[in-house]
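Structure, as structure tokens:
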Amino acid sequence: MHDFRHLQALCGDFDRAEVSYSRFMEECTRLIAAVIGCSRVSISLFEDLPTGRSLRCLSFYDSAKDQLTSRADETSSQVGAYFEALEQVGHVVADDARTHPATAGFFTGEIGTNSVRSLMSASFSLNGRLFGAFTCTHTQSTVWSPTQLANLKRMGARVSLTLANSSCSGDFDLPMQL
């Protein structure tokens, strides 16, 4: 798969400090969006805070705008069922994010403003502990295919390994409680 070779090369470039963190994240999310064929891609970390879990967005690419955009952190009150599904199954496939049990609360009150209709996420772990997720969304209802999910998991596994290695070398500061 040509795109996976491109991702491998990008991860190698980041490992060797030949590309910056911001460029690495932008290129990763752009590539994932192209391979999966979705409207938006985010790479997020889970953080355990005294007030509960939080979902911190590291990178959010919007293909309609063809740019990275900012995204507010989400709290456990919004994404509790989503966390549970990722812990238990390792992924969430919500063809209709408004009605799927793992995502309905996540988008309550927000679905009209960001136009998200469907969502597919693949979690990543370090040492057996849930660490974050790669999430693809569509602005229309979509039936996600097993191939799309497999590709997201494969690409996410490679990118998360690079981020973890970068964190261990001190190039990138990931929360230690994760």
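Here the 3J(HN,Hα) profile of the stretch 136-148, calculated from phi with Karplus coefficients 6.51, -1.76 and 1.60 at θ = phi - 60°, is 10, 10, 10, 8, 9, 4, 9, 9, 6, 8, x, 5, 4 Hz, Gly and Pro shown as x.
If R0 equals 35 Å, the separation of the Cβ atoms of residue 141 and residue 47 corresponds to a calculated FRET efficiency of about 0.70. Extension gain for the segment residue 127 to residue 3, taken as residue separation times 0.36 nm less the Cα-Cα distance, is 41.9 nm to one decimal. What the phi angles of the stretch 46-57 give under the Karplus curve with 6.51, -1.76 and 1.60, with θ = phi - 60°, is a coupling list of 8, 10, 8, 10, x, 8, x, 7, 9, 10, 9, 7 Hz, glycine and proline written as x. Only one residue of 83, 8, 106 has its Cα farthest out toward the positive end of the dipole of the chain, where Lys and Arg carry +1 and Asp and Glu -1 on Cβ, and that residue is 8.
Largest GNM mean-square fluctuation among 154, 30, 129, using the chain with Cα springs under 10 Å: 129.
Here each label is just a point 7 Å from Cα along the line to Cβ, and for residue 20 and residue 99 those points are 4.5 nm apart. Computed with a 1.4 Å probe over protein heavy atoms only, the accessible area of residue 71 comes to about 70 Å². Taken along the Cα-to-beta-carbon direction at a fixed 7 Å, the label points for residue 87 and residue 70 span 3.1 nm. Karplus-derived 3J(HN,Hα) values for the stretch 13-18, using 6.51 cos²θ - 1.76 cosθ + 1.60 with θ = phi - 60°, are 4, 5, 4, 8, 6, 8 Hz; glycine and proline are entered as x. Please state the relative contact order of the chain as a whole percent: Cα pairs under 8 Å, 6+ residues apart? About 21 percent, as a whole number.
Keeping all protein chains in place, calculate the accessible area per residue for the chain (probe 1.4 angstrom), answer in Å².
Details: 8400 Å² over 178 residues.
In whole numbers, the chain has 47 Å² accessible per residue.
Using a 1.4 angstrom probe on heavy atoms only, work out the carbon and sulfur share of the accessible area of the chain in %. If you can, show how the numbers build up before the last one.
On the way: 4200 of 8400 Å².
Carbon plus sulfur share of accessible area: 50 percent.
Less than 5 angstrom separates the built amide H of residue 117 from those of 138, 139, 140, all sequence-distant by 5 or more or on a different chain.
The values are calculated or read from the model by the stated rules, or taken from the named source; none is laboratory data. Note that this is a predicted model, so its numbers are computed, not measured. Positions of Cβ are backbone-derived with ideal geometry, glycine not excepted, and every protein chain shown enters the neighbour counts. Remember, those area values only see protein heavy atoms, side chains included, never the ligands or the DNA or RNA. Shrake-Rupley method; radii C 1.70, N 1.55, O 1.52, S 1.80 Å.
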